Amino acid sequence: MRLHRRFLRIDIGVVLAVAAATVALGVLDSGSAKVGAVVSVDPSASGPVIPRGFLGLSLEYNSIEPYAGVDPSAVNPVFVQLIRNLTPGQQPVLRIGGDTTDSTWWPVPGLARPPGVTYNLTAQWLQVTHTLVAALHARVIAGVNLEADSQALAAAEAQALLGGIGRQYVEALELGNEAALYNVFTWYRTRAGRRVTGRGPGYTFSAFVRDFSRIAAALPNVPLAGPALNDSGWISHLAEFLAAEPRVRIVTVHRYPLQLCFLQKGSPLFPTLSHLLSRHASAGLVRRLAPSIAVAQARGLPLRLDEVNTVACGADIPVSRSFAAALWSLDVLFELARAGVAGVNFHTFPRAGYNLFSFTQSGGRWSGSVAPGYYGMLMFAEAVPEGARLVAASGSQPRWLRSWATRSRAGTIRVVLINTSSADQLVAVALKGMSAKATLVRLTAPSLDASAGISLAGRSFDSPTTTGRLAGHFERFEVSRSGGRYLVPMPPYSAALMTVR
């Protein structure tokens, strides 16, 4: 996410360790409630396998040490576990970049530091990042400075990243960050306070392609990622960019459903809880990606949404750190998977309004807190085990309902239901050709705007957590059946995961 350079930004091995938890198995009581929606699931109508490492994180360069620590021999184990939770049994994909892509360098003897560069990579940073990545067996997309417009700077930075992190872990180098805004936002200010942008007012897409090609020519011979553009007019030229850049092997784009800059409060893009839960913020976001996905697929390339979160261009904590963010993240991940996106990286850094984590260290012991949005990501990870495929879920679905289904390699069906309304609802789920017993876990909170008290299967992260694992008694319920359909009562503003084996 690109912000004004002087804008102050405010601030599972275990996945739901069921076997080790105390299981409270009850029976859902649907009473005499009227069915408000019917969802039909056909397990035989499944799509392609959701890619390994589909769900990942995007981190700013200057957030690695606040999250992971400064001691390469003792990287924050809570942070490591929280990342593992999202891709159990898989290699997570970490993108390191964002705004700091174009304000970072590896100091080069004899090369003056460009005035827009404010963050120095160090041997310690490289060692910490290497330890973190190695512990996770992660794949890394690493940003390289384009805005400085220096082959020497970019080449030195790339060599340092490959050598320090480990070439075996770096899947691609991502050159630049949201270059369409290089002539809009301030890169630095002179001593007299004059605002200087990274490029002049006439900077065009063609000029960007020329810059990209010239700087890329100086980089080591490894795959590139790009164009790292946001939702701008330039993205309509994606085919032209890819034709000019055969070394780009991962297509990367950025999206945020809401934003603070340049908008009136009445805009559907302005940050509110209802706007975040609207279909515009999930299905609408994905529709805008569809042309880019088609271009990438036509060239046989994966498209990765390697930067996404709730609100761009500023901090809106009441929306971004609300339970609405959990329901949105769960829904939009399924929308993106259905659209054919190869992976998604949720952006986070310590001072962000949408920051997912905060950590402290005392006496050598780490502890952390977890934002609501992470719970939605975690339910997605539980619903989409490695090798799972999306399954068609259709029926009479009112606007308040979101429904998704997956089939695992073992044939287990998982159905996710999201109630975005303020009323209790009863959903009937029909599974074609299946009548096995079903169980259900819930994702709930005290209210839609709650920032605490979130519960997944009756469990939460201790505040603070010293393990990065959910704590408390695991709660699941047996789902009743009537007329060949499973009946699922849905509390207001909640999600449920039903499992049928």
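The values are calculated or read from the model by the stated rules, or taken from the named source; none is laboratory data. Computed from a predicted structure; not experimentally measured. Cβ atoms come from the backbone with ideal geometry, glycine included; neighbour counts cover every protein chain shown.
Can you tell me how many residues in segment 190-206 are farther than 15 Å from residue 114 by Cβ and either touching a Cys at 6+ places or on another chain (Cβ under 9 Å) or among the aliphatic types (A, V, I, L, M) (or both)?
Residues in segment 190-206 being farther than 15 Å from residue 114 by Cβ and either touching a Cys at 6+ places or on another chain (Cβ under 9 Å) or among the aliphatic types (A, V, I, L, M) (or both): 1 in total.
Residue 383 versus (1) closer than 18 Å to residue 90 by Cα; (2) over 22 Å from the mean Cα position of the chain (by Cα): which is the lone unmet condition?
With (1) closer than 18 Å to residue 90 by Cα; (2) over 22 Å from the mean Cα position of the chain (by Cα) applied to residue 383, the lone miss is (2).
Quick check: anything in segment 382-389 in a helix (DSSP H, G or I) and crowded, with 18+ Cβ neighbours inside 10 Å?
yes
Return yes or no: is residue 300 touching a Lys or Arg at 6+ places or on another chain (Cβ under 9 Å), surrounded by fewer than 21 Cβ atoms within 10 Å (Cβ to Cβ) and in the same structural domain as residue 233 (by TED's automatic domain parsing)?
Against the criterion (touching a Lys or Arg at 6+ places or on another chain (Cβ under 9 Å), surrounded by fewer than 21 Cβ atoms within 10 Å (Cβ to Cβ) and in the same structural domain as residue 233 (by TED's automatic domain parsing)), residue 300 does not qualify.
Among the residues of segment 237-272, which ones are of a type in the set (S, T, N, Q) and crowded, with 19+ Cβ neighbours inside 10 Å?
Within segment 237-272, the first condition is being of a type in the set (S, T, N, Q), and the residues that meet it are 252, 259, 264, 267, 272.
Within segment 237-272, 252, 259 qualify.
Residues in segment 362-372 that are in contact with a helix residue (DSSP H, G or I) (Cβ under 8 Å, 6 or more places away or on another chain) and not in a helix (DSSP H, G or I): how many?
5
Given the structure, is residue 6 modelled with pLDDT of 60 or more, under 30 Å from residue 181 (Cα atoms) and of a type in the set (Lys, Arg)?
Judged against the criteria, residue 6 is not a match.
Residues that are touching a helix residue (DSSP H, G or I) at 6+ places or on another chain (Cβ under 6 Å): which strands (runs of 3 or more DSSP E) entirely in segment 401-501 hold 1 or more of them?
Because the criterion is at least 1 residues that are touching a helix residue (DSSP H, G or I) at 6+ places or on another chain (Cβ under 6 Å), the strands (runs of 3 or more DSSP E) in segment 401-501 that meet it are 401-407, 413-419, 438-444, 494-500.
Would you say residue 408 is over 21 Å from residue 340 (Cβ atoms) and of a type outside the set (Lys, Arg)?
In short, no.
Mind checking whether some residue in segment 286-297 is surrounded by fewer than 24 Cβ atoms within 10 Å (Cβ to Cβ) and charged (D, E, K, R)?
So far as segment 286-297 goes, yes, one or more of its residues are surrounded by fewer than 24 Cβ atoms within 10 Å (Cβ to Cβ) and charged (D, E, K, R).
Mind listing whichever residues of segment 406-427 are farther than 24 Å from residue 448 by Cα and crowded, with 17+ Cβ neighbours inside 10 Å?
Within segment 406-427, 406, 407, 408, 413, 414 meet the criteria.
Among all residue pairs at least 6 apart or on different chains, which show Cβ distances below 8 Å where the first residue, located in segment 211-225, is polar (S, T, N, Q) and the second is assigned to a loop (DSSP other than H, G, I, E, B) and crowded, with 16+ Cβ neighbours inside 10 Å?
213/245
I'd like to check something: does segment 401-412 contain any residue that is touching a Ser or Thr at 6+ places or on another chain (Cβ under 8 Å), at pLDDT 95 or above and among the aromatic types (Phe, Trp, Tyr)?
no
Taking the stated definitions as given, is residue 403 surrounded by fewer than 17 Cβ atoms within 10 Å (Cβ to Cβ), of a type outside the set (Asp, Glu) and assigned by TED's automatic domain parsing to the domain that holds residue 450?
When the stated conditions are applied, residue 403 does not pass them.
For segment 334-353, name all the residues that are surrounded by 23 or more Cβ atoms within 10 Å (Cβ to Cβ), under 18 Å from residue 317 (Cβ atoms) and more than 11 Å from the chain's Cα centre (by Cα).
349, 352, listed by residue number.
Filter segment 222-233 down to residues that are modelled with pLDDT of 95 or more and part of a loop (DSSP other than H, G, I, E, B) and give me whichever is nearest to residue 155 (Cα to Cα).
222
I want to confirm something. Restricting to segment 174-221 and keeping residues that are of a type in the set (Ser, Thr, Tyr) and in a helix (DSSP H, G or I), which single residue is surrounded by the fewest Cβ atoms within 10 Å (Cβ to Cβ)?
Of everything passing the filter in segment 174-221, 206 is surrounded by the fewest Cβ atoms within 10 Å (Cβ to Cβ).
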